[in-house]
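All remarks here apply to the structure that follows.
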Amino acid sequence: MAIALEELIRYGHYLFGEKPGFGYEKEIIGYTQGLKPIWDLDLRKTTYMLAITKNLLYSLVFRVYRPLAEKEYIVLLDCSGSMKGEKFEKALAIALSIIYKYKRVGLILFNNKIIKSIPPTENKTLLVNSLFVIPREKTNISIALEEAMKYAKPKSEIFIITDAVPTDETVDELIETVRKLALKNIKVHVIGINLKEGKIVAETIAKISSSLLYEF
């Protein structure tokens, strides 16, 4: 909720009888768009301070508010043996497009273990140079999602690029991990590569996470 300075001052006058005015019954959440409260403000105290001088607004805003954190994205790239050949070429192209589309991106390469894990960064060179591995071994999507949880914040978004065939875990284990992320308000978008037997798994992940399923 954005509230103009003049309206706050009028409310201060209204509360403390300096002159007639009108007020808001709800607690002040924010003064301007793009600013987020660190803690709740006391309405009477705040408006009283603002009624004294407009200059207090600026010091108050800088002390009490901070800019909204920039959204972060995490790419989980399936590097298991089932992704060899054309599948992996598609997966690399998609991973590159995500890395260059967003400002801060994390990267996790996995098969049945974590091959490489990079927290969200603006260093595109680091991310791109980490992509080129040889697909091998079985697939464990859960361990990649658990690793992503270390970096993900509420409203972060995860893109998992996979053929969605978990060969080193049970589907129930995978579903439980996705539910943990959903409870933290973290979306897991599935980018399915040549989905066949893994399609039901991919659809289930997207449904639980209330996110999107892309098929290539």
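Apply the Karplus parameterisation 6.51 cos²θ - 1.76 cosθ + 1.60, with θ equal to phi minus 60°, to every residue of segment 168-177 and state each ³J(HN,Hα) to the nearest whole Hz, in sequence, with x for glycine and proline.
Once θ is set to phi - 60°, the couplings for segment 168-177 become 10, 6, 8, 4, 4, 5, 5, 4, 4, 5 Hz.
Report, in debye and to the nearest 20, how large the dipole of segment 63-216 comes out about its Cα centre when Lys and Arg carry +1 and Asp and Glu carry -1 on their Cβ.
Here segment 63-216 has a charge dipole of around 760 debye.
If I take R0 = 25 Å and measure r between the Cβ atoms of I200 and E122 in this structure, what FRET efficiency does the formula 1/(1 + (r/R0)^6) give, to the nearest 0.05?
The pair I200/E122 has a calculated efficiency of 0.10.
Please compute the Kirkwood hydrodynamic radius of segment 126-169 from all pairs of different C-alpha atoms, in Å with one decimal.
12.4 Å
Can you tell me the length gained on complete extension of the stretch K153 to R136, counting 0.36 nm per residue apart and subtracting the Cα distance? Before the final figure, lay out the partial values.
On the way: separation 17, 0.36 × 17 = 6.12 nm, distance 3.02 nm.
The span from K153 to R136 would gain 3.1 nm if fully extended.
Quick one: work out Rg over Rh on the C-alpha atoms of segment 73-215, Rh as Kirkwood radius.
Details: Rg = 13.4 Å, Rh = 14.6 Å.
Using only Cα positions, Rg/Rh for segment 73-215 is 0.92.
Can you tell me which of 77-86, 157-166, 180-189 comes out highest on packing, and rank the rest after it, using the mean Cβ neighbours within 10 Å? Write out the running numbers ahead of the final one.
Working: 77-86: 20.0, 157-166: 24.1, 180-189: 16.6.
Result, highest mean Cβ count within 10 Å first: 157-166, 77-86, 180-189.
In segment 168-216, what GluC sites (Glu not before Pro) fall in a loop by DSSP, with at most 10 other Cβ atoms inside 10 Å?
Filter output for segment 168-216: E197.
Any read-out appearing in this document is the output of simple, stated calculations on the displayed coordinates, not a laboratory observation. This one's a predicted model, so the numbers in the text were calculated from it and none came from an experiment. Quick reminder, even Gly has a Cβ in these numbers, built from the backbone with ideal geometry, and neighbours come from all protein chains shown.
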